[in-house]
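**Student:** Could you have a look at this structure, given as structure tokens, before my questions?
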Amino acid sequence: MTISFKVNHPITTDQFIGLLESSTLGERRPTHDRACMEGIVSNSNLVVSAWDGDLLVGIARSVTDFHYACYLSDLAVHQSYQRSGIGKRLQSLTQDQLGPLCKLVIPPKNSGV
């Protein structure tokens with residue numbers, strides 16, 4: 001399995017919804033509300049994604065100022081790819097995009113945020 005990681009690579013709403021539904025995060029997101037999901041995708045200003053060929057298998061979606069705080073809103077990995085280090089790599093690559101003093105804020109796992 002060769003996974004490639006990309007920063008701010010275009011992701012369609014359908015790819016995002018598909019990934020959420022194939023991970024446990026889909027249970028806590030409004031995947032049935034297309035307008036909301038389109039807004040989520042289009043208004044994130046830092047997206048690190050993981051790809052197996054053309055298949056989106058992981059995402060770290062954040063809103064940040066790049067200097068003080070970065071809010072990691074969604075961290076999702078396709079269930080078939082979990083426990084392979086993709087989530088940790090997505091977090092690490094997200095942190096790499098931030099300034100040296102910027103804090104990566106990760107909500108508690110079950111917060112629904």
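Where a number appears in this text, it was derived from the coordinates with a stated rule and is not lab data. Being a predicted model, the structure only gives us computed values, none of them experimental. With ideal geometry, Cβ positions are generated from the backbone for all residues, glycine too; neighbour counts draw on all protein chains shown.
**Student:** Give the relative contact order (percent, whole number) for the chain; include only Cα pairs under 8 Å separated by 6+ residues.
**Tutor:** Numbers: 186 pairs, mean separation 29.0, N = 113.
About 26 percent, as a whole number.
**Student:** Then there is this: Whose amide H sits under 5 Å from the amide H of Val57, counting only residues 5 or more places off or on another chain, with H placed in the peptide plane?
**Tutor:** Under 5 Å from the amide H of Val57: Ala50, Trp51, Asp52.
**Student:** Something else: Could you compute Rg(Cα) / (2.2 N^0.38 Å) for the chain, with N its residue count? All intermediate terms of the calculation are to be shown ahead of the outcome.
**Tutor:** Numbers: Rg = 13.1 Å, N = 113, 2.2 N^0.38 = 13.3 Å.
Compactness ratio reported: 0.99.
**Student:** Using amide H atoms built 1.01 Å from N in the peptide plane, name the residues 5+ places from Val105, or on other chains, whose amide H lies under 5 Å from its own.
**Tutor:** Correct list: Cys70, Tyr71, Leu72.
**Student:** To continue, here is another question. May I ask you to list the trypsin sites (Lys or Arg not before Pro) in segment 34-106 that are in a DSSP loop and have at most 15 other Cβ atoms within 10 Å of their Cβ?
**Tutor:** Sparse-neighbourhood loop trypsin sites (Lys or Arg not before Pro): Arg83.
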